[in-house]
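To start, the structure itself, in structure tokens.
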Amino acid sequence: MNPIQSLYNWYRNLLRNPKYRWWVILGTLVYFVSPIDILPDVIPIVGEIDDVFVLTLLVTEVSGLMIEGFKQRKGNVETKAANTTEGSTSTSANTIDVDAVSLK
């Protein structure tokens, strides 16, 4: 595994850990606005490469986490709705059966 992939995996795992998530986001934003960088901002274009890389990584991972969260919530809502629908259908079917029997 190359060093960039290792760094990416480390960052991603830290960001996915709820205990460290806000610290990683805050640290990334501080690094982005800080004049102290791996590649100095004094050098045109090259100086912005690390900032763009770090910000892109943050946005990609946070958006991925948000999409996963929305999918989980949607799945929970659909499961609850299916359970509610099944429960009410069977209840109304039982009621109809009882009413039909009592009418005879």
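Please treat every number below as a calculation from the coordinates, not as lab data. These numbers were taken from a predicted model, which means no experiment stands behind them.
The string of couplings for region 40-45 from the Karplus curve (6.51, -1.76, 1.60, θ = phi - 60°) is x, 5, 5, 7, x, 6 Hz, one whole number per residue in order, with x for Gly and Pro.
The string of couplings for region 49-61 from the Karplus curve (6.51, -1.76, 1.60, θ = phi - 60°) is 4, 5, 5, 5, 4, 5, 5, 4, 4, 4, 5, 4, 5 Hz, one whole number per residue in order, with x for Gly and Pro.
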